[in-house]
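What follows is a single structure, written as structure tokens, with notes after it.
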Amino acid sequence: MKLTVTRLEHGKYKTEVTRDDGVSYRLKGVAHTFAIPHDLAHFLVEKALRLRHGFFGNIADGAVFKSMTYIGGRRKPRAGSDPRRC
């Protein structure tokens, strides 16, 4: 999985996630950036602690959350339409 974090105006940021299957999503930053953006901190902690079922681990496994905006790539049929997903 590839993460791209981009700083925007006024200390805000956006995160683009490209899963290994080539599907990409955008996440609006949930907090202002200080030394390190919130999403990047989450990703690094999950990776360092080898947490497979953290936020980004779930995205890598195909989870689609309401806060995610589809950018591109071929999704599976009905991806993101399961009401049981967050």
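The values are calculated or read from the model by the stated rules, or taken from the named source; none is laboratory data. Just so we're clear, the structure is a prediction, and the values are computed from it rather than from any experiment. Here the Cβ is made from the backbone with ideal geometry for all residues, glycine too, and neighbour counts use every protein chain on show. Calculation scope for accessible area: heavy atoms of the full protein, side chains included, ligands and nucleic acids excluded. Shrake-Rupley method; radii C 1.70, N 1.55, O 1.52, S 1.80 Å.
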Practice problem: Only one of these is modelled with pLDDT of 85 or more, exposed (fewer than 15 other Cβ atoms within 10 Å of the Cβ) and of a type outside the set (Phe, Trp, Tyr): Arg19, Arg50, Arg84, Arg78. Name it. | Solution: Arg50
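Which ones in the range 1-16 are open to solvent by less than 80 Å² (accessible area, probe 1.4 Å) and not hydroxyl-bearing (Ser, Thr, Tyr)?
At the first step, the residues of the range 1-16 found to be open to solvent by less than 80 Å² (accessible area, probe 1.4 Å) are 1, 3-6, 11, 13-16.
Those that are open to solvent by less than 80 Å² (accessible area, probe 1.4 Å) and not hydroxyl-bearing (Ser, Thr, Tyr): Met1, Leu3, Val5, Gly11, Lys14, Glu16.
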Quiz item: So, in the range 22-47, of the ones that are of a type in the set (Ser, Thr, Tyr) and touching an Asp or Glu at 6+ places or on another chain (Cβ under 9 Å), which residue ends up surrounded by the most Cβ atoms within 10 Å (Cβ to Cβ)?
Solution: Tyr25
Exercise. Tell me which residues, restricted to the range 54-68, are at pLDDT below 90 and open to solvent by 40 Å² or more (accessible area, probe 1.4 Å).
Key: Lys66, Ser67
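So that you can scan it fast, the table gives a plain yes or no per residue for (1) on the phi < 0 side of the Ramachandran plot; (2) without any contact (Cβ under 8 Å) to a residue 12 or more places away in the chain; (3) of a type outside the set (D, E, K, R):
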residue	(1), (2), (3)
Val5	yes, no, yes
Glu9	yes, yes, no
Tyr13	yes, no, yes
Val17	yes, no, yes
Leu40	yes, no, yes
Leu49	yes, yes, yes
Arg52	yes, yes, no
Gly57	yes, yes, yes
Ala63	yes, no, yes
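Restricting the range 22-47 to residues that are in a loop (DSSP other than H, G, I, E, B) and at pLDDT 90 or above, which is farthest from Lys76 (Cα to Cα)? Walk me through it before giving the result.
Within the range 22-47, the subset in a loop (DSSP other than H, G, I, E, B) is 22-23, 29-37.
Imposing the further condition that a residue be at pLDDT 90 or above reduces the set to 22-23.
On the way: Gly22: 11, Val23: 10 Å.
Applying the filter and picking the extreme gives Gly22.
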